[in-house]
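**Q** Mind looking over this structure? Questions follow.
Any read-out appearing in this document is the output of simple, stated calculations on the displayed coordinates, not a laboratory observation. On a predicted model such as this, the values are computed, not experimentally measured, just so you know. A quick note on method: Cβ atoms are made from the backbone with ideal geometry, for glycine too, and the neighbour counts reach across all protein chains shown.
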Amino acid sequence: MSSPLDETYGLWLIVFFLESVLFGAGLLQTHLYFLWYPKDNWIVKATVLAVVLFETMQTVIFFAGIHFTLIEHFGDFANLAIISWHVGIQLLFLYLTGFVAQAYYAQCLYRLHSRDKILPVIIFICTVLSFIAGIAQVVLIFDIGDSTASDRGHQVATNAQAALNFLTDLLITVGLSWRMNKNRSGIQSTNKLINFLIIAAINRGVLTMVMAALALILNLAAPTTFWFHVALILNGKFYMNSLLAMLNTRQYALGTSREVSMNTMGGANDTNNGFGRNLITINHETRRDVDVEPGKFSL
């Protein structure tokens with residue numbers, strides 16, 4: 001016979017193990033980012049630092065919550081139903097991670113095509129609404145105080161946050177793919193670079209969208225268990241790793257592009273291909289007639 005803790009704190013232990021692995025990978029990527037791209041501007045660096053800080057706080061507080069419930073109150077069965085303050089605070093940092101990452105991608109879309117402000121604005125509005133729903137969820141968690149209780153307001157806030165999160169990531173993925181696809185040219189190296197960036201954008205979006213959809217489905221199917229935490233908590237680490245992966249693979253993308261150029265043009269370097277910084281170096285000038293600089297290539 002399975003323990004009644006299997007679907008609550010037992011899941012938390014599993015989630016903590018998985019997120020610790022992802023957190024370690026994220027810290028490694030952070031080290032490589034600052035080692036490889038010291039010349040990135042302050043917007044990108046601030047985004048990376050904020051995401052790493054928020055995910056560090058989430059991991060530490062999540063561990064403290066598990067220790068508080070299962071170690072400090074070992075054998076106190078009545079305490080198992082009490083939601084400690086750690087739960088709400090770690091979720092707050094989790095939602096801050098999503099907010100910063102999604103806001104950064106909205107800014108990226110704007111820099112790709114600054115004349116079209118509608119899509120970035122819609123994405124930013126969805127990002128803000130998702131964060132507000134997350135704040136509402138945290139407030140209601142403190143108000144309920146009982147992990148076995150089922151509160152309609154809390155369920156609505158949780159489902160709204162997951163749904164808005166899914167919608168925002170979908171819009172970001174479609175928007176990045178569409179905007180980058182419009183920059184195709186007759187130059188093979190440019191098109192290969194665009195293909196790489198589109199695949200990276202889709203991979204980034206699929207991970208976070210699947211987690212958001214799972215959180216929504218699991219919360220609807222088993223609202224009194226912690227199953228939805230599996231997707232919800234891991235999603236923050238996916239935001240961290242996917243953002244850093246996109247930043248850290250810039251040099252590889254440029255190298256692939258130049259390799260194609262060398263093979264097809266007898267060694268000529270065609271980084272002056274009109275692709276420009278407004279597509280790859282989104283955090284710099286939006287001119288389309290400048291070289292792509294490896295140290296400043298950031299999507």
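**Q** How long is the gain from Val121 to Trp178 if the chain were fully straight, where each residue apart is worth 0.36 nm and the alpha carbon distance is subtracted?
**A** 18.9 nm
**Q** How far apart, in nm, are the 7 Å Cα→Cβ label points at Val60 and Leu220?
**A** Calculated label separation equals 3.8 nm.
**Q** Here's a follow-up. How do Arg179, Arg204, Arg115 line up, fewest other C-beta atoms within 10 Å first?
**A** Arg115, Arg179, Arg204
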